[in-house]
Amino acid sequence: MPSLLVTTPSGKRQQLEATIGISIMENIRNAGVVELAALCGGCRCCATCHVYVEIERPDLLPPISDEENDLLDALDHRRDNSRLSCQLVVTAEMGTVSVEIVPET
Ligand code: FES
């Protein structure tokens with residue numbers, strides 16, 4: 001079963017068993033982690049679900065769409081491993097994914 005190792009902006013770490021077929025954002029929110037705002041609910045229009053992702057096999061993540069890329073470009077804290085967590089649907093093959101919630105996004 002895939003899992004998420006979530007780090008909040010305050011540095012708190014939490015390991016979650018991930019539900020397959022829903023996004024990383026939904027998994028985090030369902031676990032009660034309120035530090036991930038995700039204000040638009042996954043409509044890809046707010047970028048408040050911005051996270052830094054570490055995964056052993058990045059090829060298992062869906063590619064970044066033009067729309068996601070544009071939203072990430074508008075952020076101050078974009079890194080190479082920045083993603084919108086609402087765009088990352090969990091699959092069985094992912095293993096453990098480290099997800100750092102980016103502050104002030
Ligand atoms: S929740 Fe708004 S873009 Fe992801």
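The values are calculated or read from the model by the stated rules, or taken from the named source; none is laboratory data. Everything numeric in this text was worked out from a predicted model, so none of it was measured. Methodologically, a virtual Cβ is constructed for each residue, glycine included, from the backbone with ideal geometry; neighbour enumeration extends over all protein chains shown. What goes into the accessible areas is simple: the full protein's heavy atoms, side chains included, and nothing from ligands, DNA or RNA. Shrake-Rupley method; radii C 1.70, N 1.55, O 1.52, S 1.80 Å.
Which condition number in (1) under 19 Å from T96 (Cα atoms); (2) open to solvent by 40 Å² or more (accessible area, probe 1.4 Å) is the one that N27 fails?
(2)
Counting only residues that are in contact (Cβ under 8 Å) with a residue 60 or more places away in the chain and more than 16 Å from the ligand (Cβ to nearest atom), which one in region 48-92 is nearest to G21 (Cα to Cα)?
By that ranking, first place goes to T91.
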